[in-house]
């Protein structure tokens with residue numbers, strides 16, 4: 001059985017190893033009630049900022065688990081930074097998109113409302129949704145071994161996001177427009193000249209012609225993902241996978 005991975009909500013940062021560290025209630029409950037770990041069991045801990053520790057369970061109670069962390073490794077952040085800008089789809093497709101983005105690797109996720117978005121969130125529900133989304137990202141990172149937890153911004157309109165950008169914005173729009181070149185055939189920017197790359201994915205009903213125009217105006221390049229029309233969560237997987245391969 002593979003040693004479990006736990007997320008450290010508060011990072012020990014540069015604490016000298018070995019040291020003892022208490023896990024929060026959520027992680028302690030998962031280890032004790034779901035995985036049923038015992039004292040002495042091996043595990044891996046990560047802080048979502050690139051640091052990973054190897055260790056063992058020191059004390060295991062029903063409410064709190066303390067681990068002894070014995071060695072640390074640090075992983076370099078993604079270069080260039082990758083930012084997923086996605087028009088909010090329905091809940092199932094959105095949660096799938098979050099998991100995929102975390103597994104493949106992104107720096108930040110920006111959920112936006114576009115004209116054809118079918119989802120609208122009331123202001124009082126956003127904080128609860130944000131916490132749920134963050135937990136989905138944590139679980140995805142634990143499963144796939146990614147040491148960096150993607151950041152996620154509060155949802156806003158596409159127009160609001162565009163207005164905040166410092167021009168030009170480098171990256172790509174997953175496009176269904178005619179005569180759009182395939183992503184694999186579009187020249188890649190050099191990392192030194194382009195430290196951040198954006199991937200903009202539309203909703204189920206696609207971006208409108210006006211939204212495509214505004215995205216192009218800030219510097220994003222329309223690209224085709226293949227011969228067929230993809231679901232938005234499939235488009236996320238396709239785009240991020242190709243970018244990961246090309247930039248790696």
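Nothing in this text is a laboratory measurement; each read-out follows from the coordinates by a stated rule. In this text, all values refer to a predicted model and were calculated from it rather than measured experimentally. Here the Cβ is made from the backbone with ideal geometry for all residues, glycine too, and neighbour counts use every protein chain on show.
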(message) Largest first and in whole Å, what are the equivalent-ellipsoid semi-axes of region 61-131 based on the Cα gyration tensor, each being the root of 5 times an eigenvalue?
(response) 31, 20, 10
(request) Report the residue, chosen from 39, 95, 122, that carries the largest GNM mean-square fluctuation when the chain is represented by alpha-carbon nodes joined by springs under 10 Å. (result) 122
(request) May I have the convex hull volume per residue, in Å³, for the Cα set of the chain? (result) 143
(request) Determine Rg/Rh for region 82-191; Rg is computed over alpha-carbon atoms and Rh is the Kirkwood hydrodynamic estimate from the same atoms. (result) 0.97
(request) Quick one: divide the alpha-carbon radius of gyration of region 23-146 by 2.2 N^0.38 Å and tell me what you get. (result) 1.26
(request) Could you grab the Rg to Rh ratio for region 144-243? Cα atoms only, Kirkwood for Rh. (result) 0.95
(request) Would you please put 73-86, 51-64 in order of how densely packed they are, using the mean number of other Cβ atoms within 10 angstrom per residue and starting with the highest? (result) 73-86, 51-64
(message) Given an 8 Å cut-off on Cα distances and at least 6 residues of separation, report the relative contact order of the chain as a percent.
(response) 20
(message) So if I average 1/r over every pair of distinct C-alpha atoms in region 5-74 and take the inverse, what Kirkwood radius in Å does that give?
(response) 11.8
(request) Among DSSP beta bridges whose residues both lie in the chain, state the antiparallel percentage, nearest 5. (result) 45
(request) Please give the FRET efficiency for residue 36 paired with residue 153, using the beta carbon to beta carbon distance and R0 = 41 Å, rounded to the nearest 0.05. (result) 0.65
(request) For the chain, set up a Gaussian network in which alpha carbons nearer than 10 Å are linked by springs, and say which option among 228, 198, 29 fluctuates the most. (result) 228
(message) At 222 nm, what value in deg cm²/dmol follows for the chain if DSSP H runs of at least 4 each add -39500 (n - 2.57) and the sum is divided by all its residues, to the nearest 500?
(response) -9000 deg cm²/dmol
(request) With viscosity set to 0.890 mPa s and temperature to 25 °C, compute the Stokes-Einstein D of region 46-99, Rh being the Kirkwood radius across alpha carbon pairs; µm²/s, no decimals. (result) 165
